[in-house]
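J.: I have a structure here, written as structure tokens, and I will follow up with some questions on it.
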Amino acid sequence: MFKMTKKLKNLFIHRRRLENDDKVIINPYKAIPESLRVSIVGTHLYRYGIHIYRPPCIGNDYHRNWYYNPLFILFMEFVYLFRSITAFFISAEPNENRKYFIYLGDYMYCIGAKTHINLAAICDVSIGISLLLLTIYNHHRGIRPTFLYSLDFLAGRMTPSAACLNDNRYIENLLTKTRWIVNYCEFNTRAVGIVSFILSAWPLWFKCTTIEFLTYGLPWSIIFAFASYFTFSAYFWNMAYFYILCNFLCYRLREINDLVVRLSQLQLKQRCIRKLMNKSNLRLLRTHLNRIGKDIQHFNNNYYKNVILIIVTLLGTFLNVVLYTALFVPVDLTIRFSLFYAVLLTTSAIYFLLNTASLVYNEAGVSRKVLNKFYISQIQNHNPCTLYNILLTIESQSHKRMGFYFLCMFIINSSRFFEIAAFIMMFFLKIVQLSFTKQLI
């Protein structure tokens, strides 16, 4: 590993010269300077009870809060799931059923959208439960979140070179994106808990007596806020690390692509440059690409293919139901605003996930293009050994599934992104059609 990265050192060293002398210099062969580190990278999934596995970077003296215990989170989510299922099947027509909805703290009944919002709540809470059960299953089988180890260099626990990232520009970009996504998730997870409490407590306050609100409405609103917070944390922190991981893999591929492009543009008449085209360096290039392909496949098969399936399926259903309610069901303005806020977050989450997943495939496609151009540029030199090794690299790239799978059937790319988005929109239109048909009948 060290030998491979050392051979590429001279090819990237000039990019580490900075115009501003006051700027902190990042040396890929040393830990990132403390002022630039994102020291909490790799800890969120354990700290917030999303994973059971405790990473080595978290010291033995750290104890997470009791309400982030995965068993407590699972209990709270199951409680609200069973509450929503029960309320979903109770008829809202007889007035004598009102007391059951008050006992269940069903704010959906109070705003006149019992069926739709309870269905949305079932889908939403099911995401958190499914992701947590997936984590428990993986932990029981001994499957660890190894993708976290690849990002240790962002917190200064290893060097960027040890993580196979050598270009100073890409290290800085990845640090910037990591800080942004961490701050975004920290803010929105807290906001979701507050908005969820208001969404539940507001209609119950106006539809219940003071005793009923304090006895049933307030406790259920608190439970709903906790369940929403835990669920949102589960899929947003998973997507945050997926975003960081995909950008990390893209930058690794881009380093190779930059190298190949530069080699294609060199005039190989100079003796010192011909040495770059020897068999060992071309084999080194192929080895790096093979390792990136294996990492992508490993991260996908061990964890993220199931996470993507759970989030896209259930979050897409949740989005359709909430959007229909916000548009067509007569509700209070405050409630409608909260529903549109949920729609905005859900839409951005799905778009964010699919767009992030397509980054890796698109960059791998660039790799295939630059390798073909590289091959064409070497034909005039009539070096059979060089051409043969380039062809081996192209063939190796062509046979790999360089991307994240969806249902193990296809790799998510730009076109698949729009296909999935179109499918979700078709589902929404079908819900609208069925609802209007039912009203006409």
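The values are calculated or read from the model by the stated rules, or taken from the named source; none is laboratory data. These numbers come from a predicted model, not from an experiment. All Cβ positions, glycine included, derive from the backbone under ideal geometry; neighbour counts span all protein chains shown.
J.: Are there any pairs with C-beta distances below 9 angstrom linking a residue in region 91-112 that is touching a residue at least 24 places away in the same chain (Cβ under 8 Å) to a residue that is acidic (Asp, Glu) and outside any helix (DSSP H, G or I), with the two at least 6 apart or on different chains, and if so which?
T.: What qualifies is Ile111/Asp332.
J.: Does Thr176 satisfy the condition of being under 25 Å from Glu77 (Cα atoms), without any contact (Cβ under 8 Å) to a residue 60 or more places away in the chain, of a type in the set (Val, Ile, Thr) and surrounded by fewer than 19 Cβ atoms within 10 Å (Cβ to Cβ)? Let's see the steps before the verdict.
T.: Values: under 25 Å from Glu77 (Cα atoms): no; without any contact (Cβ under 8 Å) to a residue 60 or more places away in the chain: yes; of a type in the set (Val, Ile, Thr): yes; surrounded by fewer than 19 Cβ atoms within 10 Å (Cβ to Cβ): yes.
Criteria not met by Thr176.
J.: For region 226-235, enumerate the residues that are surrounded by 21 or more Cβ atoms within 10 Å (Cβ to Cβ) and either touching a His at 6+ places or on another chain (Cβ under 9 Å) or of a type outside the set (S, T, N, Q) (or both). Full working, then the answer.
T.: Taking region 226-235 first, the residues surrounded by 21 or more Cβ atoms within 10 Å (Cβ to Cβ) are 227-235.
Result: Ala227, Tyr229, Phe230, Phe232, Ser233, Ala234, Tyr235.
J.: Now for a different question. Could you please find all residues in region 209-224 being of a type in the set (A, V, I, L, M, F, W, C) and surrounded by 21 or more Cβ atoms within 10 Å (Cβ to Cβ)? Break it down stepwise before answering.
T.: Of all residues in region 209-224, those of a type in the set (A, V, I, L, M, F, W, C) come to 211, 213-214, 218, 220, 222-224.
Trp220, Phe224 - these are the residues of region 209-224 that are of a type in the set (A, V, I, L, M, F, W, C) and surrounded by 21 or more Cβ atoms within 10 Å (Cβ to Cβ).
J.: Something else now. Considering only region 190-198, I want to know if a residue exists there that is on the phi > 0 side of the Ramachandran plot and touching a helix residue (DSSP H, G or I) at 6+ places or on another chain (Cβ under 9 Å). Explain how you work it out, then say what you get.
T.: First, pick out the residues of region 190-198 that are on the phi > 0 side of the Ramachandran plot: none.
No, that holds for no residue.
J.: Follow-up question, since we're still on this one. Out of all the residues in region 287-295, is one or more in a helix (DSSP H, G or I), within 30 Å of Thr189 (Cβ to Cβ) and modelled with pLDDT of 85 or more?
T.: Going residue by residue through region 287-295, those that are in a helix (DSSP H, G or I) are 287-295.
Narrowing further to those that are within 30 Å of Thr189 (Cβ to Cβ): 295.
Narrowing the set further to residues that are modelled with pLDDT of 85 or more leaves 295.
Yes.
J.: For region 37-95, which positions are small (Gly, Ala, Ser) and over 20 Å from the mean Cα position of the chain (by Cα)? Don't jump to the end; show me each part of the working.
T.: Applying the first criterion (small (Gly, Ala, Ser)) to region 37-95 yields 39, 42, 49, 59, 84, 87, 91-92.
Answer for region 37-95, where residues must be small (Gly, Ala, Ser) and over 20 Å from the mean Cα position of the chain (by Cα): Gly59, Ser84, Ala87, Ser91, Ala92.
J.: Ok, one more. Test of understanding: among Tyr303, Tyr235, Tyr251, which residue is closer than 14 Å to Ser150 by Cβ and at pLDDT below 90?
T.: Working: Tyr235 fails: closer than 14 Å to Ser150 by Cβ; Tyr251 fails: at pLDDT below 90.
Exactly one residue qualifies, and that residue is Tyr303.
J.: Against the condition aromatic (Phe, Trp, Tyr) and farther than 30 Å from Asn300 by Cα, how does Tyr103 come out, does it pass? Before you say what the answer is, go through the steps one by one.
T.: Values: aromatic (Phe, Trp, Tyr): yes; farther than 30 Å from Asn300 by Cα: yes.
So Tyr103 passes the test.
J.: Given (1) over 20 Å from Ile129 (Cβ atoms); (2) of a type outside the set (Val, Ile, Thr); (3) part of a helix (DSSP H, G or I), where does Ala225 come up short, assuming only one miss?
T.: (1)
J.: Now for a separate question. How many residues are over 20 Å from Thr313 (Cβ atoms), part of a helix (DSSP H, G or I) and touching a Phe, Trp or Tyr at 6+ places or on another chain (Cβ under 8 Å) if we restrict to region 323-355?
T.: Final tally of qualifying residues: 3.
J.: For region 48-154, list the helices (runs of 4 or more DSSP H) that sit wholly inside it and hold at least 3 residues that are crowded, with 16+ Cβ neighbours inside 10 Å and among the aliphatic types (A, V, I, L, M); which are they? Please lay out each step first, then the result.
T.: Details: elements: 70-89, 98-103, 107-110, 114-140, 147-150.
Per the criteria, 70-89, 114-140.
J.: Working only within region 189-234, note down all residues that are of a type in the set (D, E, K, R) and in contact with a Cys (Cβ under 6 Å, 6 or more places away or on another chain). Spell out the reasoning first.
T.: Start the filter on region 189-234 by keeping residues that are of a type in the set (D, E, K, R), which leaves 190, 207, 212.
Lys207, the sole residue that qualifies.
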